[in-house]
Amino acid sequence: MNDAAGIEPAAGAGQPVSEEVGPDTGRLQDYAKMKHAVARAIRSLRSLASEVKNELLAREGQEVMSKLAEDRFTLAVVGQFKRGKSSLMNAIIGRDVLPTGVLPLTSAITILKYGAGESLTILREGHIFPERLPVSSLAAYVTEQGNPGNQKRVKAAILEMPSPFLRRGLEFVDTPGVGSAIVANTETTYAFLPQCDAIVFVTSVDSPLTEAEVDVLRCVRQFAQKVFFVVNKTDLLEGAVREEVVAFVSGRLQAETGGEFLRIYPLSATRGMAAKLSTDPAAYASSGLKDFEEALGAFLALERTNTFLASILARATRLLELLSPTVSTAGLSVRCTDIANRLWKLRHIVSPDTTPQPPDSVRAARPAAAEPKLLPSEAQLDWTRALKTRGCPVCARIAQAAFNFYARWQYTLIADETAQDEFAGVMGLCPLHTWQFLTLSSPQGLSSSYSKLAEKCSKKLSEFSAASDAAVSNLESILPGRQRCPACRKLADVEADAVRSLAQFLQSAGGQRAYRDSQGVCLRHLAQVIAASQNSELARRLLQHAARRFGEAAEDMQNYAMKHDGLRRALQHKDEGDAYLRAIIHLTGERAVCAPWPEDAEI
């Protein structure tokens, strides 16, 4: 993996590594960062689907995100009926857990996954809650004899068991055989293929690679990132005849894949299972199961992570292709193109042999990143109404603009990775606006918003530690501050507009009357309004008004204290009750502009 698409290399490639980091940490960090980058792209995709009100694709995006979060790898066994798929799975697990027989299985998916103990869960169409049943009842739900035509409407049977092979999130899936008289079985398998990360494709020597199997194979290769080809039941043939059949299958597969070299695993699942149960190493090796299991084990240990991410990205790309035609506005179209570019770039990192750029149908030049415009231009304020506040009307306008800014920003940072990059680029908000932003954002939103910023901070600190001169100025260069803070810039513009607008309003006789009856503005904004008005007579009147209001506040505060001391609180009126607060606001400005808002969650 490299540092494209915002993925920074883990410690180890030219970066200082702390002594406590183990030898595998770098690879794990690379995988984790890539997984998080994929999650950001899928989050943007889901958000876009929700905006265009495509609930189906939004739900499918949620399913892909869930699979990514669980780090759940789906390895499915696929093939025509009567090829010994269930027998092969039993041999790999080392136990007869799946029912086998002459009749094909019903149209139900059977999932083996790790569990501390054995348990069976049945998921049914139209049922909200799953059914917990004894493991011994599995055949009653997944065989044609026990559930003919899937009359019980089984979506999936989930069998949990403490098998080492199933650890680390592996789902080992038995799919219904295709090509049988039971059409529903074939439909179920085809519908499940997009969910597979890797596939074991099983044919057999008694009827190798039929046209029905070739059709399935073509579909499999559209979805699966890794396919293992197994020729089962080799115990039915001997010597040269068996080799001839395997050669036929190999040649047919290469012709189907355009000459691509594909390794074939000839084996006998029944002999391999018997050898395991009798602990006969020679028979286990001669059955062919040993070679296949070693290859499968190496793949799951070394290649699985990239294959898993490639599969997730492929599913996300398909969802985007379905979503793109429903996008109508230019703004959403740009976002759609941005997501497409990111998905293709990530796919190229995970699988370098894929096309490094998206096809022309989705590629477009994205406009250069600009400073986030998170709030539409403020509507003209009705100053006659605004001046009726008992606080500072300019501060109140700034506080409302800040609220709108944070409300829009928290959504943007979750849905738009470009905005996340810009946010990280300026090292976030200043301390004041960071803590105000915290009060309006959810832990999920903050985790999405600040993860890239934390990654950038980590990278910068690593660079500083490797520099010959670890100057304090390096550290100061990444400290959050007002100069780079997007909220500071936005609210400064709002403040300047409000001051100019109020100064213009006060040029009229009506404006001066409205101001005379108000509490006025705080001292900070009084100075700004006077400077903006450039009217000495107006300045004199505004100063006289402020002097009168501060005098009244002082008198009201003294009356409040006197009545409180004299046990005559019932005689206090409203002006006396809030006089201290009005005085403080007009001295220093509104709390919402000068200090963090209350926050429930504290460390």
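For Ile128, state whether it is surrounded by fewer than 23 Cβ atoms within 10 Å (Cβ to Cβ), in the same structural domain as Leu159 (by TED's automatic domain parsing) and part of a strand (DSSP E or B). Taking the combined requirement at face value, the residue does not satisfy it. When restricted to residues that are closer than 21 Å to Glu293 by Cα and not in a helix (DSSP H, G or I), region 59-96 contains 13.
Pairs meeting the criteria (first residue in region 410-430 and in contact (Cβ under 8 Å) with a residue 12 or more places away in the chain and on the phi > 0 side of the Ramachandran plot, second residue assigned to a loop (DSSP other than H, G, I, E, B) and of a type in the set (D, E, K, R), beta carbons under 7 Å, at least 6 apart or on different chains) are Met427/Arg484. Here the condition is being assigned to a loop (DSSP other than H, G, I, E, B), in contact (Cβ under 8 Å) with a residue 40 or more places away in the chain and farther than 30 Å from Ile312 by Cα; of Pro176, Pro208, it holds for Pro208 alone.
Annotation note: of Arg549, Arg524, the sole residue that is at pLDDT 85 or above and closer than 29 Å to Phe437 by Cβ is Arg524. Take the residues of region 457-501 that are among the basic types (Lys, Arg) and in a helix (DSSP H, G or I): which is modelled with the highest pLDDT? Result: Arg500.
Kindly list the number of the only condition in (1) modelled with pLDDT under 90; (2) of a type in the set (Phe, Trp, Tyr); (3) in a helix (DSSP H, G or I) that fails for Phe261. Condition (3) is where Phe261 drops out.
Residues of region 381-398 that are surrounded by 15 or more Cβ atoms within 10 Å (Cβ to Cβ) and more than 22 Å from Lys574 (Cβ to Cβ): Leu381, Trp383, Val394, Arg397, Ile398. Is it fair to say Ser451 is without any contact (Cβ under 8 Å) to a residue 12 or more places away in the chain, surrounded by fewer than 21 Cβ atoms within 10 Å (Cβ to Cβ) and more than 30 Å from Leu526 (Cα to Cα)? Here the answer is no, as Ser451 does not meet what is asked.
If the condition is being farther than 16 Å from Ser86 by Cβ and either modelled with pLDDT of 85 or more or among the aliphatic types (A, V, I, L, M) (or both), then region 135-150 contributes Ser136, Ser137. When you look at Phe464, is it of a type in the set (Phe, Trp, Tyr) and more than 26 Å from Ala399 (Cβ to Cβ), yes or no? Judged against the criteria, Phe464 is a match.
One residue stands out among those in region 502-523 that are in a helix (DSSP H, G or I) and crowded, with 19+ Cβ neighbours inside 10 Å: the one that is nearest to the chain's Cα centre (by Cα), which is Leu502. Among the residues of region 493-516, count how many are touching a residue at least 40 places away in the same chain (Cβ under 8 Å) and either closer than 18 Å to Cys395 by Cα or aliphatic (A, V, I, L, M) (or both). Of the residues in region 493-516, 10 are touching a residue at least 40 places away in the same chain (Cβ under 8 Å) and either closer than 18 Å to Cys395 by Cα or aliphatic (A, V, I, L, M) (or both). Restricting attention to region 217-234, the residues that are in a helix (DSSP H, G or I), crowded, with 17+ Cβ neighbours inside 10 Å and modelled with pLDDT of 85 or more total 3. Annotation note: Cβ proximity below 9 Å between a residue of region 32-57 that is at positive phi and a residue that is part of a helix (DSSP H, G or I) and surrounded by fewer than 20 Cβ atoms within 10 Å (Cβ to Cβ) (sequence gap 6+ or interchain) occurs for Lys53/Thr326. Comparison of Thr188, Thr203 shows that the only residue that is touching a residue at least 40 places away in the same chain (Cβ under 8 Å), within 22 Å of Arg263 (Cβ to Cβ) and either under 28 Å from the mean Cα position of the chain (by Cα) or surrounded by 14 or more Cβ atoms within 10 Å (Cβ to Cβ) (or both) is Thr203. Within region 190-205, the set of residues being touching a strand residue (DSSP E or B) at 6+ places or on another chain (Cβ under 7 Å) and in a helix (DSSP H, G or I) comprises Phe192, Gln195.
The values are calculated or read from the model by the stated rules, or taken from the named source; none is laboratory data. Predicted model only: the values in this text are computed from it and were never measured. Reconstructed Cβ throughout: ideal geometry from the backbone, glycine too, with neighbour counts over all protein chains shown.
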